[in-house]
Every structure is written in C-alpha cells, then in structure tokens.
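Read the structure below first, then the notes.
The values are calculated or read from the model by the stated rules, or taken from the named source; none is laboratory data. Because the structure is a prediction, the values reported are computed rather than measured. Note that each Cβ is placed from the backbone with ideal geometry, even for glycine, and that neighbours are counted across all protein chains shown. Each accessible area value is taken on the protein alone, full model and side chains, heavy atoms only, with ligands, DNA and RNA left out. Shrake-Rupley method; radii C 1.70, N 1.55, O 1.52, S 1.80 Å.
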Amino acid sequence: MNENSTTVTKQETLVALKNPGEIYVIMSGATRLPFVSCDEETFDDEVFLYYRVEDAKGKAKELLEKKYAAAVVKLEDKQLLAFYTSLYTMGVNCLAVNSGTDTQIKTQLSDLVIRRKPENMPEGKQPVENPALHLTAIYFMQEMRRQAQPQPTEELKELQEELLAHYGKGTFVIAVREDGQLPILKQKDGTVYQPLFTDMLEFQKFARGEKMRTAVIPAAKIPEVLINEAKGVVINPFGVNVQLQVAKRKQPAQDA
C-alpha cells in the first residue's frame with residue numbers, strides 16, 4: 001500500500017513538473033546557475049524546485065544563513081524543457097521538489113526528461129559536454145564564494161584537485177570571432193584570460209548578440225592556442241567563471 005502510494009505521488013510529481021502553473025528554482029549567486037547540493041545519503045546531485053514562492057524564499061533564506069548566496073527565480077512554462085535539459089550538462093541527476101515542506105519529494109531527472117546519451121550518438125554528432133567537470137566547478141565555486149576571504153580548506157583543495165583532473169581529460173568549445181581572432185577577457189588587475197566553454201549552452205551565453213563560430217579542442221591542445229599575454233583560461237565566464245592558469249606552449253624554433 002505504501003509503495004503504491006509513493007509511486008502515485010511520484011507520477012503526480014512528474015506530471016506537475018511538466019505543467020506546474022507556477023514553479024520556482026533556487027539559484028546560486030556564486031555561479032549564476034541553479035544551486036546544487038549533494039544528498040548525504042543517496043549522493044544524488046540535486047537542484048531545488050518549489051511550487052510556492054514562499055517556500056522557495058524559505059529555502060533561499062536557509063542557504064543565506066549558511067553563507068551561500070542564493071536567490072529565487074520563477075521559471076516560465078516555455079523555459080521548462082530547456083531548463084530541465086540544461087541540468088544534464090551540469091551533471092545534475094535529481095530534482096528535490098518542495099524540500100523542507102510536508103510535501104517534499106525527490107525524482108530522478110531521467111524520469112522526467114529522457115535524453116539520448118552523447119556517447120550513443122553517431123560519430124561527428126556528439127555534443128561537447130563536460131558534466132563531471134562542470135559539476136565539480138559548481139561545488140568548488142559555491143564553497144569558495146561562501147567566504148569573504150577564501151581560505152584553502154581541505155574541502156576546497158580536494159575539489160580543486162578533482163576539477164583539474166576532469167579538466168585534463170576534457171574536450172572544450174572555444175569562441176572564434178569573424179576575423180579569426182580569439183576573444184580575451186581582461187581582469188581588473190590587467191591580467192588576461194581566454195574564455196573556454198564546457199558546452200554549447202555556456203558558449204551561447206557568451207556569444208549572445210555577436211557573430212562567432214566555434215572550434216572544439218582537447219585540454220592538451222589548449223596551451224598551443226593561447227595568446228602570448230594570456231595567463232590561462234576562464235571556464236564558462238558567464239557561469240562558474242573558474243580561472244585556471246595555463247602556460248602557453250612555446251613553438252619549437254625553426255631551423256635556419
């Protein structure tokens with residue numbers, strides 16, 4: 001009886017998530033993406049969704065009290081499919097609905113949106129995605145930006161090591177302007193970084209309003225395309241905005 005009741009509730013939840021009337025997501029001020037949390041028991045990587053704005057504000061307040069920058073954003077019906085699909089590129093696998101209320105329930109993202117796995121797509125049509133790297137970067141920036149003056153805690157060190165390991169195995173999207181030049185981002189201190197994107201969604205955020213084409217490049221080749229003054233790369237500048245120092249690879253000297 002209880003099992004049947006739970007199944008019905010989950011089915012009702014899936015229907016409601018597709019046509020919610022109103023639905024709100026908790027966003028992270030650290031990443032400009034949905035706030036992601038790892039469930040301590042199931043280890044699901046989840047985002048928080050609410051049907052009532054009051055409940056969403058309560059969750060945001062709870063996170064703020066823990067020094068996480070958080071805000072409530074309403075999702076329009078026309079945004080839902082794109083929103084749910086984008087969670088795959090972030091490495092998220094679970095939706096925590098009405099968390100902390102008497103109607104809380106969790107559902108797997110794959111139960112709501114069935115998506116063909118990139119590795120099962122034909123050669124040449126596989127999208128560039130780095131969900132493991134993207135997810136680690138989200139956790140890293142959420143934790144780092146909790147602190148007014150970030151300190152190298154053991155947790156941050158572990159996340160950074162994991163991030164660098166994923167980066168080394170990754171293949172990324174780079175932007176190319178119409179004139180063939182690579183865009184750069186200059187920091188307040190004058191240092192220069194080149195933008196790098198985990199997926200096309202992040203590239204589109206950057207290229208909005210400007211005609212650019214893309215190139216796909218593995219991490220091992222990135223030092224070859226850095227301009228001389230670049231200190232490194234910045235991953236998803238309109239998202240996690242993670243800076244990595246990468247040394248430009250010097251070209252071998254030509255024989256006279």
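Points worth noting:
- Share, in percent, of DSSP beta bridges within the stretch 180-245 that are antiparallel, nearest 5: 55
- Cα gyration tensor shape of the stretch 174-256, rounded if a/c is under 1.5, else prolate or oblate by comparing a/b with b/c: prolate
- Global form of the stretch 118-209, assessed from the alpha-carbon gyration tensor, a/c cut-off 1.5: oblate
- Computed on the Cα atoms alone, the convex hull of the stretch 38-95 gives a volume of 97 cubic angstrom per residue.
- The order of Lys61, Lys205 by accessible area, most exposed first and with a 1.4 Å probe, is Lys61, Lys205.
- Taking Cα centre as origin and charging only the Cβ of basic (Lys, Arg, +1) and acidic (Asp, Glu, -1) residues, the dipole magnitude of the stretch 115-256 rounds to 380 debye.
- Exposure ranking of His166, His134 by accessible area [1.4 Å probe, largest first]: His166, His134
- Simple spin-label estimate for Lys125 and Ser110 gives 2.2 nm between the two label positions (7 Å along the Cα-to-Cβ direction from each Cα).
- Here's the list of aspartates and glutamates a cross-link from Lys57 could span, going by alpha-carbon distance under 13 Å and ignoring same-chain residues fewer than 8 apart: Glu65.
- The Arg208 and Glu158 beta-carbon pair, evaluated with R₀ = 25 Å, returns a calculated FRET efficiency of approximately 0.15.
- Per-selection Kirkwood Rh - the stretch 127-168 (Cα, Å, 1 d.p.): 10.7
- Working note: Cα gyration tensor of the stretch 10-56, eigenvalues times five, square-rooted, sorted largest first, giving semi-axes of 20, 16, 9 Å.
- Carbon/sulfur fraction of accessible area - the chain, other protein chains in place, 1.4 Å, %: 50
- Cross-link partners of Lys186 among lysines (Cα-Cα below 27 Å; sequence separation of 8 or more within a chain): Lys157, Lys169, Lys205, Lys211, Lys221, Lys231, Lys248, Lys250
- Estimated inter-spin distance, Leu182 and Thr103, nm [label 7 Å along Cα→Cβ]: 5.1
- Whole-number accessible area per residue in Å² for the chain, which is evaluated in the context of all protein chains at 1.4 Å: 59
- Here the chain is assigned +1 on the Cβ of each Lys and Arg and -1 on the Cβ of each Asp and Glu. Its dipole about the Cα centre then comes out at about 1000 debye.
- Over every Cα atom in the stretch 1-131, the radius of gyration and the widest Cα-Cα span, Dmax, amount to 15.4, 49 Å.
- Averaging Cα coordinates gives a centre for the stretch 53-84 and one for the stretch 125-195; these two points are 24 Å apart.
- Across the options Phe203, Phe43, Val113, the greatest Cα extent toward the positive end of the charge dipole of the chain (unit charges at beta carbon of Lys, Arg, Asp, Glu) belongs to Phe203.
- The candidates Asp45, Asp111, Asp189, arranged from most to least accessible area with a 1.4 Å probe in the full protein assembly, appear as Asp189, Asp111, Asp45.
- Model label points for Glu62 and Gln79, set 7 angstrom from Cα along the Cα-to-Cβ axis, are 2.2 nm apart.
- Here the calculated FRET efficiency for Ala148 and Glu41, from their Cβ-Cβ distance with R0 = 45 Å, stands at 0.90, rounded to the nearest 0.05.
- Rounded to the nearest 20, the Cβ-based charge dipole of the stretch 149-212 about its Cα centre (Lys and Arg +1, Asp and Glu -1) stands at 360 debye.
- For the stretch 103-256: rounded, prolate or oblate by the Cα gyration tensor [a/c cutoff 1.5]: oblate
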